[in-house]
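Here's the structure, in structure tokens; my notes come after.
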Amino acid sequence: MRRKLNAKLGILSLYVAIAISIGFLLIFIFSIFYKGSSVLSWSFLFSAPRAAMTEGGIWPALVGTFWLSFLAVLISVPVGILSAVYLNCYAQKGNWVSLVKICVNTLAGIPSIIFGLFGMALFVNLMGFQVSLLSGALTLAVVSLPIVINASYEAISSVSGDFMEASYALGASKRQSILRIMIPTAMPNILTSVILVTGRVAGETAPIMFTAATFFNRQLPRSVFDEVMALPYHIFALMTEGTHADQQVPIAYGSALVLLLLVLLISGSALILRYQLRKKRQW
Amino acid sequence: MKKLYDSLFYLITLICAVGTMIMLAGIIISIFNEGLPLFRHVKIWDFLFGTFWYPTHAEAEFGISTLIVGSLVVTLGALVIAIPLGLGSAIFISEIAPAWLREICKPLIELLAGIPSVVYGLFGMALLAPMIRQLFHLDSGLNAFTAAIILGLMVLPIISSMCEDALQSVPKALREASLALGATRWETITRVLIPASRTGVIGGVLMGFGRAIGETMVVLMVAGGSAQMPKSIFQSVRPMTAAISAEMGETVFRDIHYQSLFAIAIVLFIITFGFSLLSETMGRKR
Amino acid sequence: MVKIKTSNLNLHFGQNHVLKNVNLEIEEKKITAIIGPSGCGKSTLLRTFNRMNDFKDDMKISGSIMVGDQDIYLDKIDLSHLRAKVGMVFQKPNPFPKSIYKNVSYGLDIQGKFSKSEIQAKVEESLCAAWLWEEVKDRLHSPAMSLSGGQQQRLCIARALANSPEVLLLDEPTSALDPQSTARIEELCVALKQRVSILIVTHNIAQAGRISDYTAFMYLGEVVEYADTSQMFTVPKDKRTEAYLNGVFG
Ligand SMILES: Nc1ncnc2c1ncn2[C@@H]1O[C@H](COP(=O)(O)OP(=O)(O)O)[C@@H](O)[C@H]1O
Ligand SMILES: [Mg+2]
């Protein structure tokens, strides 16, 4: 009897745990949608903020986030893939490679605020790029680099050695085999990870606080040396700066909804892509 | 000609790999380089264990014990919430839910893990904090308790998905053997599955800890921000990440305040580095 | 005419002496089969002819191998050129995850010295020579992975033929295939001997008997006996050969 009761209660506790978790998350997402959708409109998306942030839209912040993420990924993806190629195909297997991999893993776990400090010390101050789109994009590139390297390394290692062997046997050099067989074969998997990383980069706030973001900038950036507005930072600033909380909070919700949709769209498409790939994987 | 391109390509990959390593080493070097000079003015002991954080006073003091405690309170609070819920959800998804539900849950959890932290921060600040304030009759809802709830909500998907992976990697035969011996499903879960997937579960918890203690936006927005020793969880705290991000804007390049914030970053780095090494070695043993 | 000649060929993997003093003369435009129990060094021997062992760690080789009038282990040898000239087909069909067309054109693409129309003509010619053209001509741009196992293996042969090789190395090319596909590839080999010298490693003694002109029997890294196939299969000289052919071990 006792055993039966324990078992019943135990299983019940699992139902409770999943119900609370899902309930929690649903309330969270629902409230962002509910409060955000009331301010969402075309003019909200496509106009600049007005009247000391109490009116207007988020267009400069959207553009800033686009440029920051785009440039960051543009830098980190080729560098990351080529580094993974080096580790996988050229470096002597052994201690050196595992040391590098441990470092990369460790760095993937470092808090993003530390990346922000690093970016400030190196790009903003030492290199003199100031608080700018460039400094922010470089910092975000460093944030995403360990993730890109790990993902590319995994994807490349999973390319069957048979393909490489066949390529060599047809007279291809190592470079040709890597560029024409290995990377294209690994590309779908790399691509999924790149999309996921883009989503993550677009939502980062701490790394750009001191390197790129500004609270208010009516104008769109004209060069990489301009300060930019960014959607995540915009949300933070609306909540913590300025004096008209009651007008700023709805705008913050609207911005949060846009950011949330953006990130879910990006990472959702990566997951769908991965699902499709698994389904039709033939090798 | 072809040989030349081959060597050139090799060289490019080498430069990328070495460049990456330099960048990554540069992170560590730069925070130490900017932070260590503080200890010419402040004793390490006073820095770590001093209870007064008055970086901008005329008689400045740089004791970060209140900040460390702030970080720990919020992080541990988050784990107290997230571990049972995350593990419970993981067991449910892995052991009780039908296959089709599991197929839906997994990507959903991954999506949730990707939601930007500032969105959680907004939710905590604008919605949860007023509720907490009313519920517990507090002066302000921005405190360690609220921050812990939000952080817990944030690391929940991470812990849950790692635990789920660990449970899934337990061989099916083990489950069947236990059930065949007459154990109930619950006994199978607690006596067989959880012990068998223990390293993975602990890895998930360590990862959750690392994420929570390093999280910036949520604590910056929700934890209240007073650098004081909290007497209860309903008091306002100033975790390390919040101090760094809130104060960096006020500093002058390489003044003592700037250095002290980098010194906090060193402490933070050492903690997270220790935890990732720990989970790395756990993973190795498996 | 001798196409390949090895002299005092020895090969080590670390401490493991895998090829022991191999002296062989492979005839041009004939089929030479290499048989022997597994692990005796057949694949390793085959892979010395296009230097595919070079990638393995700890490989040491001595002696010489002449392909035509070229010593292929000289330092100045262009490996790409050698491997185009000495084509290879593996045990498991391994077409690239690309289209049928791209698989066949790969060897020519990487050489980078042929025009599009030359490549196109060569692709068609190679697919015809591998008896695949009729089956795939309407879907040249669909994935190679969509072909059946036997078709994939013939695609791999076509892929090697596109490089206009002088020698074709086949390492147990039919061991992963069904009997029907096997028969077709055997017939194909016989037909291909018009244009290339063929070396085939096989586990299947009957297969060697059916298609080869010469047979080399290897045992523990040595070439024990090398002779005319019909002669070896009727009157083997060495007791070990006889025992192997009679299925005593293997
Ligand atoms: N990369 C390698 N390193 C060490 N030994 C190897 C390697 N490849 C093959 N060998 C050894 O060489 C011998 C011959 O192998 P192989 O040529 O593949 O045999 P076969 O094709 O006749 O079955 C085997 O004993 C095998 O263990
Ligand atoms: Mg073999």
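The table below lists the values:
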| item | result |
| --- | --- |
| Subset tally (residues that are touching a residue at least 24 places away in the same chain (Cβ under 8 Å), facing chain A (nearest Cβ under 7 Å) and of a type in the set (A, V, I, L, M)) for region B:118-138 | 3 |
| Matching residues in region A:161-211 - criterion: being assigned to a loop (DSSP other than H, G, I, E, B) and either among the β-branched types (Val, Ile, Thr) or closer than 21 Å to C:ALA144 by Cβ (or both) | A:LEU170, A:GLY171, A:ALA172, A:THR205, A:THR211 |
| Candidates A:ILE235, A:ILE195 - the one that is more than 10 Å from every other protein chain (Cβ to nearest Cβ) and surrounded by 17 or more Cβ atoms within 10 Å (Cβ to Cβ) | A:ILE195 |
| Boolean, B:ILE266 is in a helix (DSSP H, G or I), farther than 27 Å from B:ILE149 by Cβ, among the hydrophobic types (A, V, I, L, M, F, W, C) and modelled with pLDDT of 90 or more | yes |
| Flag if C:LYS60 is within 13 Å of ligand 1 (Cβ to nearest atom) and more than 20 Å from the chain's Cα centre (by Cα) | yes |
| Residue list for region B:231-278, filter: of a type in the set (Gly, Ala, Ser), in contact (Cβ under 8 Å) with a residue 24 or more places away in the chain and more than 8 Å from chain A (Cβ to nearest Cβ) | B:SER236, B:ALA242, B:ALA243, B:ALA246, B:SER260, B:ALA263 |
| Residue in region B:9-21 that is within 7 Å of chain A (Cβ to nearest Cβ) and either touching a residue at least 24 places away in the same chain (Cβ under 8 Å) or touching a strand residue (DSSP E or B) at 6+ places or on another chain (Cβ under 6 Å) (or both) present | no |
| Sole exception among (1) assigned to a helix (DSSP H, G or I); (2) in contact (Cβ under 8 Å) with a residue 40 or more places away in the chain for C:SER181, by number | (2) |
| Any chance B:THR56 is assigned to a helix (DSSP H, G or I), in the same structural domain as B:ALA166 (by TED's automatic domain parsing) and polar (S, T, N, Q) | no |
| Of all residues making up region A:158-187, the number that are among the β-branched types (Val, Ile, Thr) and either closer than 19 Å to C:LYS56 by Cβ or more than 7 Å from chain C (Cβ to nearest Cβ) (or both) | 3 |
| Residue that is surrounded by the fewest Cβ atoms within 10 Å (Cβ to Cβ) [pool: residues in region C:155-176 that are more than 16 Å from ligand 2 (Cβ to nearest atom) and in a loop (DSSP other than H, G, I, E, B)] | C:SER164 |
| Pairs with Cβ under 9 Å, 6+ apart, first in region A:1-17 and closer than 11 Å to B:GLY88 by Cβ, second assigned to a helix (DSSP H, G or I) and among the hydroxyl-bearing types (Ser, Thr, Tyr) | A:GLY10/B:THR190; A:LEU14/B:SER89; A:ALA17/B:SER89 |
| Flag if C:ARG83 is within 14 Å of another protein chain (Cβ to nearest Cβ), within 16 Å of ligand 1 (Cβ to nearest atom) and among the basic types (Lys, Arg) | no |
| Listing of strands (runs of 3 or more DSSP E) fully contained in region C:1-105 that carry 2 or more residues being within 15 Å of ligand 2 (Cβ to nearest atom) | C:2-13, C:16-27, C:31-35, C:86-89 |
| Top-ranked residue in region C:1-52 [being within 8 Å of ligand 1 (Cβ to nearest atom) and in contact with a His (Cβ under 8 Å, 6 or more places away or on another chain); ranked as modelled with the highest pLDDT] | C:VAL18 |
| Of all residues making up region C:184-213, the number that are in a helix (DSSP H, G or I) and either away from ligand 1 (no atom under 16 Å from the Cβ) or within 15 Å of the chain's Cα centre (by Cα) (or both) | 15 |
| Residue among C:MET59, C:MET88, C:MET66 that is among the hydrophobic types (A, V, I, L, M, F, W, C), crowded, with 19+ Cβ neighbours inside 10 Å and at pLDDT 90 or above | C:MET88 |
| Every pair of residues 6+ apart whose Cβ atoms lie under 7 Å, when the first sits in region C:80-99 and is under 20 Å from C:SER43 (Cα atoms) and small (Gly, Ala, Ser) while the second is within 16 Å of ligand 2 (Cβ to nearest atom) and assigned to a strand (DSSP E or B) | C:GLY87/C:LEU169 |
| Set B:VAL170, B:VAL155: member being in contact (Cβ under 8 Å) with a residue 60 or more places away in the chain and within 21 Å of B:ARG102 (Cα to Cα) | B:VAL155 |
| Odd one out for B:ILE115, checked against (1) under 17 Å from the mean Cα position of the chain (by Cα); (2) within 7 Å of chain A (Cβ to nearest Cβ); (3) in a helix (DSSP H, G or I) | (3) |
| Pick from region A:125-142, criterion at the interface with chain B (Cβ under 9 Å from one of its Cβ atoms) and closer than 18 Å to B:ARG254 by Cβ, ranking: surrounded by the fewest Cβ atoms within 10 Å (Cβ to Cβ) | A:LEU126 |
| Meets criteria (outside any loop (DSSP other than H, G, I, E, B), within 14 Å of chain A (Cβ to nearest Cβ) and free of Cβ contacts under 8 Å to residues at least 60 places away in the same chain) for C:ILE110 | yes |
| Scan of region B:59-103 for residues that are part of a loop (DSSP other than H, G, I, E, B), surrounded by fewer than 17 Cβ atoms within 10 Å (Cβ to Cβ) and out of contact with any strand residue (DSSP E or B) (no Cβ under 7 Å at 6 or more places or on another chain), ordered by number | B:GLU59, B:PRO98 |
| Residue within region C:201-209 that is under 15 Å from C:ILE35 (Cα atoms), at pLDDT 95 or above and surrounded by 14 or more Cβ atoms within 10 Å (Cβ to Cβ) present | yes |
| C:ASP58, sole failed condition from (1) out of contact with any helix residue (DSSP H, G or I) (no Cβ under 8 Å at 6 or more places or on another chain); (2) under 30 Å from C:ALA227 (Cα atoms) | (2) |
| Residues of region A:70-100 classified as more than 10 Å from chain B (Cβ to nearest Cβ), touching a residue at least 24 places away in the same chain (Cβ under 8 Å) and within 30 Å of B:SER279 (Cα to Cα), total | 4 |
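The values are calculated or read from the model by the stated rules, or taken from the named source; none is laboratory data. Remember, predicted model here, so these are calculated numbers, not experimental data. Positions of Cβ are generated from backbone atoms using ideal geometry, with glycine treated the same way; all protein chains shown enter the neighbour counts.
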